[in-house]
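Down below is the structure, laid out as structure tokens.
The values are calculated or read from the model by the stated rules, or taken from the named source; none is laboratory data. Treat the numbers as computed from the prediction; the structure is a model and nothing was measured. Cβ: placed from backbone, ideal geometry, glycine included. Neighbour counts: every protein chain shown.
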Amino acid sequence: MIGIIDAVMSLGGLVIPPVFDFIKKKFIPDSDTPEATLSTLATTKPDVIEGYVEAQAKLLEAQAKYFNRDVIGRISLWVRNLRASIRPVFVVFGIMFLYFSCYFGWEIPMFFKYIMETAICSWFGCRLIT
């Protein structure tokens with residue numbers, strides 16, 4: 001029974017991200033993109049393209065400021081590297097712990113084992129999308 005649950009957790013983490021991305025792209029139409037609007041403006045009202053591009057630039061700048069609102073000044077390189085490495089390090093340690101639990105008989109609580117399996121497989125599933 002435990003092996004079945006492990007397989008379901010692993011396959012779910014591996015398959016769900018690409019399937020969700022496929023369904024989102026296939027059945028939920030992309031409402032409007034800046035590129036589509038710019039294309040329409042180029043054929044219908046070329047005189048307003050300059051204002052539209054300027055407004056889009058201001059919107060992206062505002063979104064970047066909002067996204068980085070918790071960062072004051074320049075963020076140091078080690079903090080950026082730490083943020084970028086959290087998930088890959090968790091995946092590597094998860095693989096190591098699962099390996100040691102299988103081959104050396106380490107006892108890992110099932111809850112942590114399922115978390116590690118799901119995190120590892122969802123990371124690989126997300127890599128299938130990009």
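Quick one: which of Tyr114, Tyr103 is closer than 21 Å to Ile5 by Cβ, among the aromatic types (Phe, Trp, Tyr) and loosely packed, with under 13 Cβ neighbours inside 10 Å?
Exactly one of Tyr114, Tyr103 is closer than 21 Å to Ile5 by Cβ, among the aromatic types (Phe, Trp, Tyr) and loosely packed, with under 13 Cβ neighbours inside 10 Å, namely Tyr103.
Does Cys126 satisfy the condition of being modelled with pLDDT under 85 and surrounded by 12 or more Cβ atoms within 10 Å (Cβ to Cβ)?
Yes, satisfied.
Could you identify the single residue in Gly73, Gly94 that is among the small types (Gly, Ala, Ser) and within 24 Å of the chain's Cα centre (by Cα)?
Gly94
Take the residues in segment 61-89 that are in a helix (DSSP H, G or I) and either touching a residue at least 60 places away in the same chain (Cβ under 8 Å) or touching a helix residue (DSSP H, G or I) at 6+ places or on another chain (Cβ under 9 Å) (or both); name whichever of them is surrounded by the fewest Cβ atoms within 10 Å (Cβ to Cβ).
Pro88
Which ones in segment 20-31 are surrounded by fewer than 14 Cβ atoms within 10 Å (Cβ to Cβ) and modelled with pLDDT of 75 or more?
Answer for segment 20-31, where residues must be surrounded by fewer than 14 Cβ atoms within 10 Å (Cβ to Cβ) and modelled with pLDDT of 75 or more: Phe20, Phe22, Ile23, Lys24, Lys25, Lys26, Phe27, Ile28.
In the list Thr40, Thr44, which residue meets the criterion of being exposed (fewer than 10 other Cβ atoms within 10 Å of the Cβ) and at pLDDT 80 or above?
After applying the criteria, what remains is Thr44.
Are there any pairs with C-beta distances below 8 angstrom linking a residue in segment 1-13 that is acidic (Asp, Glu) and in a helix (DSSP H, G or I) to a residue that is at pLDDT 70 or above and surrounded by 15 or more Cβ atoms within 10 Å (Cβ to Cβ), with the two at least 6 apart or on different chains, and if so which?
Note: pairs meeting the criteria are Asp6/Lys113; Asp6/Tyr114; Asp6/Glu117.
Can you tell me which residue within segment 12-56, out of those that are small (Gly, Ala, Ser) and in contact with a helix residue (DSSP H, G or I) (Cβ under 8 Å, 6 or more places away or on another chain), is farthest from Tyr114 (Cα to Cα)?
Ala42
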